[in-house]
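Nothing in this text is a laboratory measurement; each read-out follows from the coordinates by a stated rule. Everything quoted here is computed from the prediction, not taken from an experiment. For neighbour counting, all protein chains shown are included, and Cβ atoms are generated from backbone atoms with ideal geometry for every residue, glycine included.
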């Protein structure tokens, strides 16, 4: 077996750079290879898989017209400027988002800047601490950073609430669940479209970073969206087989049912990561103690096995996903803010204001202390030291913030136009489509 790419640990003050650890083939991984072609997949097979995934999740092709608008401009922190923007996603619903930019922009001689998309976990939106922190941190690095409200959160919540987990409350069948996954994929693809049309941004240097649920969404999106140069998956990425974590997740509508629906791929994890490898590099980074997504049972042996299956499927080691782990006392965290992951991103998209050597010596902030000192409220589910509170995020000068300062619209204005954004508006059309799709399936020869 070829070497498995690993990234050094982030935790306990370590400064792990990228290292390659040779792992022998670990027997007994008990993985089904069903459904894989007898040899390396062809380009035609890749195209067919992509089209099947897009159709399975009802992702619109072509994507909806963007119709992007800027609603406000402000300066959230020294060295950073920001814009409150909206753009279209599915069914005419619009996404409220914040774009963070370096201020000033890097000198013209350095060319256009990279673009980063932050994809939140459950309950996450542009108001949560790691979205804010990522916007400030990476804008200072010289990147354009787009953070947006996940479906049902923030300005996409009918009550303007964060942490509501509203999309988990949707009651529907597998068809509606596939549509919900398709909405989340479309949200990321439209974020890429938005960044690609910005005059400051280099379209060939786009990356997406997903945490928890966001890792699942980025894995799926990276399989079908070639514009993403690099993808980072943290708090997840351990795409397993039948009956595994993602099949049996308690998050039925946005994780379990959508993942089950991909059974036509056969070895789902291998196919998804093979398609990602055809797109470009990926990094999966987790805490060894992350019981939230089952990482204690999905350690180096699991990823070594998965990576080898992807290599066989690709017929090449080019762009096979890399893997990294934080120590065993580290659990569910947004590791894309930590040194090893930032160093990896620098190699992929080249931050104009930072070099690898500079990243290696940047100070760190323990997020539990940073939040306390800056008056930032963490989600009670994740505020513990083993979870997000223990994150060692790069930088020691990211200021605190007031959540209301991150609104795209003043609250009274939002009340008059919220129908354009909220989850319920999307559900009305999605349920109609799901009923029609179910009726069509039942009336087809295969459904009778």
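Based on C-alpha coordinates, I'd like the Rg and Dmax of the range 312-390, in Å.
Rg, Dmax (Cα atoms, Å): 16.1, 51.
Find how much the distance from residue 428 to residue 55 grows on full extension, using 0.36 nm per residue of separation minus their present alpha carbon separation; answer in nm with one decimal.
Answer, rounded to one decimal: 132.3 nm.
Could you put 414, 129, 354 in order, starting from the residue whose Cβ has the fewest other Cβ atoms within 10 Å?
414, 354, 129
Would you mind ranking 325, 302 by Cβ crowding within 10 Å, fewest neighbours first?
302, 325
What is the spin-label model distance, in nm, from residue 197 to residue 169 if the labels are put 7 Å beyond Cα along the C-beta direction?
That separation, rounded to one decimal, is 3.3 nm.
Mean residue ellipticity at 222 nm from the helices of the chain, using -39,500 (n - 2.57) per DSSP H segment of n ≥ 4 over the full residue count, to the nearest 500 deg cm²/dmol?
Theoretical 222 nm ellipticity from helices: -10500 deg cm²/dmol.
What is the distance, in nm, between label points placed 7 Å from the Cα along the Cα-to-Cβ direction at residue 48 and at residue 377?
That separation, rounded to one decimal, is 5.3 nm.
Full extension from residue 107 to residue 248: what is 0.36 nm times the residue separation minus their Cα-Cα distance, to one decimal in nm?
45.8 nm
Quick one: 173, 379, 290, fewest Cβ neighbours within 10 Å first, how do they rank?
Going from least to most buried by this count: 173, 379, 290.
Given labels modelled 7 Å from the Cα in the Cβ direction, how far is it in nm from residue 301 to residue 412?
The modelled label-to-label distance comes out at 6.3 nm.
Just for the range 4-443, what percent of DSSP beta bridges are antiparallel, to the closest 5?
Beta bridges within the range 4-443, antiparallel portion: roughly 50 percent.
Can you give the translational diffusion coefficient of the chain in µm²/s, computed by Stokes-Einstein from the Kirkwood radius over Cα pairs at 20 °C and 1.002 mPa s?
Roughly 98 µm²/s, to the nearest whole number.
Scale the Cα Rg of the range 234-361 by the rule-of-thumb value 2.2 N^0.38 Å and send over the ratio, two decimals.
In units of the 2.2 N^0.38 Å rule of thumb, it is 1.12.
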